[in-house]
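Visitor: Structure below; questions to follow.
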Amino acid sequence: MIRRLFPLCLVAALWGCSQPVTPTPSTGGSSSGGSAQTGAGESKGTEAVKEPSAVEVAETSSKPEPKDPIPEPSDATPAKPEETAPAEPTPAEPKEEPKEATPEPAPAGDKPEGDKPEGDKPEEPKDKGPKSVDELLASLQQLNAPPDLADLSKKLETLLAKEPEHANGRLTLANIEQLRGRQAGGTESGKDHFLKSAENVRIVMKQNAELAESPGVRGFAGMALYNEACALAFDKKTAESLAALKEAVGYGFADLKLMNSDEDLVAVRELPEFAAFVEETKKAIKELNAKEVAKLMETHEPFEFNFELDDINGKKVSKAEFAGKVMIVDIWGTWCPPCRAEIPHFVELDKEFKEKGLQIVGLNREQTEDNEAAVKLVKDFNEKQGVTYPCALITEEIMGQVPEFQGFPTTLFIDRAGKVRLKVVGARGPEFLQAVVELLLAEKAPEAAAN
């Protein structure tokens, strides 16, 4: 089972980077020019966090975090209504002793007021719950505390029975069932939830051709179908599990390391056809990533980006000193889970491609106004992760060069001529990152590299 949470807008981007970010002071240096160009293209990562609408589902970016209809638990105590002191009773005025009166006989057929049958009582108010999927989804935006997922799932299923083609509703239900499966404790106790999630994902992908081509939705589908494969394998349905794995790969699931180590898939890996499937998957993943990157490169508008700063060790670091090289500039923060998850991929890329012309630089935005504290946070993290490439604290001026900056991490891929050829918002897998690097390294270096 995928044990990390998938950052979906409908569940608070689960790993969250939506919290406000306190600007970090610069360690020194300044921008060396370069203006932002509005409208430059970008690629959205599957780990990113922004504030997407329900239809975007998994198309996330990592912003310091998407607005979600299903908020994460909070330590905050909801505000209580103001308590008002009970009103003092008004002294009663003396009353005259009532005189005896002879009641008038009631007309024939009439009954005293107190003898009215039960059926004459006012009707109880009817259920005021959501009457449509849209109404239910809208109500989630107003929640101040985590909802009862079981109750929410039941309500959604009831409404979807009346609106079976409501894609947002089905994707929300699929998200909820993924959460319920994880909350249940894993594959054994949560398998029914994972199976239900995959079922709803398949319905959406079949009904809605536009969403079926959305990278974010496809990424979520791949994750959901992978978890379905684990659930099927647990039930000893190895052939069906392998088929689900193939589906997951078809939607972009590319974590071969997990596939080859997940305890849930032990029986599937023993199938004679599994080894061939893995080899085919490796080739397919590489081809798919190369195709995606080439397409993104064709449609994205290059823009200028420059920096000159003191790194966390007090040394000067600038774009100019790496002229003629392919560069990755990772704008990130140690506080951001997707950012942290992506660092090992950059470390591996640095090891494999540094001698071939790649230079990686990390530009950090930390959640502290204390310059020394921010530097220490980055140093401590880098030491634990084995980061060998330079990192520096980014300034507002430099960050302002990024067109329509959306969130963390934001990764800039710079070609040998010094132009930003691709901007990716959100974390991406190692295969995608490597595909970008290989494409840019394969390009011929210009005679005079731009600074």
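The values are calculated or read from the model by the stated rules, or taken from the named source; none is laboratory data. Quick caveat, the model's predicted, so the values are computed rather than measured. Glycine gets a Cβ as well: all are built from the backbone with ideal geometry, and neighbour counts include every protein chain shown.
Visitor: Please go through the range 402-421 and give me each residue that is over 21 Å from P344 (Cβ atoms) and not β-branched (V, I, T), ordered by number.
Guide: Restricting attention to the range 402-421, the residues satisfying the condition of being over 21 Å from P344 (Cβ atoms) are 402-406, 414-421.
Once the filter is applied, which keeps residues that are over 21 Å from P344 (Cβ atoms) and not β-branched (V, I, T), the range 402-421 yields P403, E404, F405, Q406, D415, R416, A417, G418, K419, R421.
Visitor: Has the range 295-304 got any residue that is in a strand (DSSP E or B) and either closer than 26 Å to F408 by Cα or of a type in the set (D, E) (or both)?
Guide: Yes - at least one qualifying residue is present in the range 295-304.
Visitor: Within the range 191-236, count every residue that is over 22 Å from the mean Cα position of the chain (by Cα) and farther than 29 Å from T158 by Cβ.
Guide: 2
Visitor: In this structure, does P430 turn out to be modelled with pLDDT of 95 or more and under 16 Å from V329 (Cα atoms)?
Guide: In short, no.
Visitor: Name the one entry in K316, K282 that is in the same structural domain as L377 (by TED's automatic domain parsing) and surrounded by fewer than 21 Cβ atoms within 10 Å (Cβ to Cβ). Before you say what the answer is, go through the steps one by one.
Guide: Working: K282 fails: in the same structural domain as L377 (by TED's automatic domain parsing).
Answer to the check: K316.
Visitor: Please specify each residue of the range 155-181 satisfying the condition of being in a helix (DSSP H, G or I), surrounded by fewer than 21 Cβ atoms within 10 Å (Cβ to Cβ) and not hydrophobic (A, V, I, L, M, F, W, C).
Guide: K155, E157, T158, K162, N168, R180
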